[in-house]
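Q: Structure incoming, see below.
The values are calculated or read from the model by the stated rules, or taken from the named source; none is laboratory data. Quick caveat, the model's predicted, so the values are computed rather than measured. Virtual Cβ from ideal backbone geometry, glycine too; neighbours counted across all protein chains shown. Note: areas computed on protein heavy atoms with side chains; ligands, DNA, RNA excluded. Shrake-Rupley method; radii C 1.70, N 1.55, O 1.52, S 1.80 Å.
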Amino acid sequence: MTALVWISGASAGIGAALAAAVPFPDARVIDISRSGGTAEHLRADLADPVEWSRVAAHFGGELSAYDGERVVFIHNAGTITPIGPAAGADPDAYARAVLLNSAAPQVLGAAFLRASAHLTCRRDLIMLSSGAATTAYAGWSSYNAGKAAVEHWVRTVGQEQPADGCRVIAVAPGVVDTAMQSEIRGTAEADFPAVTRFLDLKRAGALATPEAAATGIWSLLTRDLPNGACVDLRKL
């Protein structure tokens, strides 16, 4: 086995495309999600804090005696729902979104760093971000804030790594033609005032495919990026 790769949310969309395009021969690929996408699946609801310790224990168990060439964790799982003003959102759905988008990346990222700290092989932690990390879209408060939190966590943790430590990167893949985009386009303008922009992008054929996004994300591992870099595929 040349590489051990975890991808959260690999059951569909960008996550599934990432799992299908792993560039390492004989890699073992594990999907962390509720529904499962790859042949090997760690079932977990990452919006539930109770599940985080189980994922952390899984990292530790798999990496305690690992002797391969590379380990990678791509945290892709996230949710755009609920869409609409924060004051009108269902409280339970909003809390789950905050946990999944803001807290889970930090807790699971830290767990991966702890579990892999003793290894001397190449280690990479990639967090999926979004243009929403820096652009405030009304109706996306939990998503905007979650992606902003991811990027600042990456910047900070990247600074903490020793020269031979894990490389930590955040990447915004651009506007990608996934189920999330379909949900966005189906939202009423009252809940998401910028919906027309996304409808226009679809009509213009300006959405990236999940496969193109996955190729771009995997290419980051061959680029000379500083630790803690937050990049946008559209600007590389």
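Q: Tell me whether region 84-96 contains one or more residues that are at pLDDT 95 or above, touching a strand residue (DSSP E or B) at 6+ places or on another chain (Cβ under 6 Å), among the hydrophobic types (A, V, I, L, M, F, W, C) and within 30 Å of Asp191 (Cβ to Cβ).
A: no
Q: Condition first: open to solvent by 40 Å² or more (accessible area, probe 1.4 Å), under 22 Å from Ala12 (Cα atoms) and assigned to a helix (DSSP H, G or I). Can you find one or more residues in region 157-173 that meet it?
A: no
Q: Now a separate question. What number of residues within region 53-104 satisfy the criterion of being assigned to a helix (DSSP H, G or I) and within 14 Å of Ser33 (Cβ to Cβ)?
A: The total comes to 5.
Q: Further, regarding this structure: When you check Val98 against the structure, is it of a type outside the set (Phe, Trp, Tyr) and under 27 Å from Leu225 (Cα atoms), yes or no?
A: In short, no.
Q: Here's another thing I want to ask about it. Only residues that are part of a loop (DSSP other than H, G, I, E, B) and within 18 Å of the chain's Cα centre (by Cα): list them for region 174-192, please.
A: Gly174, Val175, Asp177, Thr178
Q: State which residue pairs qualify: first residue over 13 Å from Ala3 (Cβ atoms) and in contact (Cβ under 8 Å) with a residue 24 or more places away in the chain and inside region 13-41, second residue open to solvent by 70 Å² or more (accessible area, probe 1.4 Å) and in a strand (DSSP E or B) in any location, beta carbons under 8 Å apart, and separation of 6 or more residues or different chains.
A: Ser33/Arg43; Gly36/Arg43
Q: To continue, here is another question. Exactly one condition in (1) in contact with a Lys or Arg (Cβ under 7 Å, 6 or more places away or on another chain); (2) outside any loop (DSSP other than H, G, I, E, B); (3) not small (Gly, Ala, Ser) is not met by Asp45; state its number.
A: Among (1) in contact with a Lys or Arg (Cβ under 7 Å, 6 or more places away or on another chain); (2) outside any loop (DSSP other than H, G, I, E, B); (3) not small (Gly, Ala, Ser), the lone unmet condition for Asp45 is (2).
Q: Quickly run through region 1-42 and pick out the residues that are within 22 Å of Arg122 (Cα to Cα), assigned to a strand (DSSP E or B) and not acidic (Asp, Glu).
A: Ala3, Leu4, Val5, Trp6, Ile7, Ser8, Arg28, Val29, Ile30, Ile32 - these are the residues of region 1-42 that are within 22 Å of Arg122 (Cα to Cα), assigned to a strand (DSSP E or B) and not acidic (Asp, Glu).
Q: When region 191-236 is examined, which residues are found to be touching a Gly at 6+ places or on another chain (Cβ under 8 Å) and without any contact (Cβ under 8 Å) to a residue 24 or more places away in the chain?
A: Of everything in region 191-236, just one residue is touching a Gly at 6+ places or on another chain (Cβ under 8 Å) and without any contact (Cβ under 8 Å) to a residue 24 or more places away in the chain, namely Leu236.
Q: Among Pro85, Pro49, which is touching an Asp or Glu at 6+ places or on another chain (Cβ under 9 Å) and within 24 Å of Met180 (Cβ to Cβ)?
A: After applying the criteria, what remains is Pro85.
Q: Please verify whether Phe192 is in contact with a Phe, Trp or Tyr (Cβ under 8 Å, 6 or more places away or on another chain) and either within 19 Å of Ile74 (Cβ to Cβ) or at pLDDT 95 or above (or both), treating the condition exactly as stated.
A: Spelling it out, Phe192 is indeed in contact with a Phe, Trp or Tyr (Cβ under 8 Å, 6 or more places away or on another chain) and either within 19 Å of Ile74 (Cβ to Cβ) or at pLDDT 95 or above (or both).
Q: Give Leu42, Leu63 a once-over and let me know the one that is over 17 Å from the mean Cα position of the chain (by Cα), at pLDDT 95 or above and crowded, with 18+ Cβ neighbours inside 10 Å.
A: Sole residue among the options that is over 17 Å from the mean Cα position of the chain (by Cα), at pLDDT 95 or above and crowded, with 18+ Cβ neighbours inside 10 Å: Leu63.
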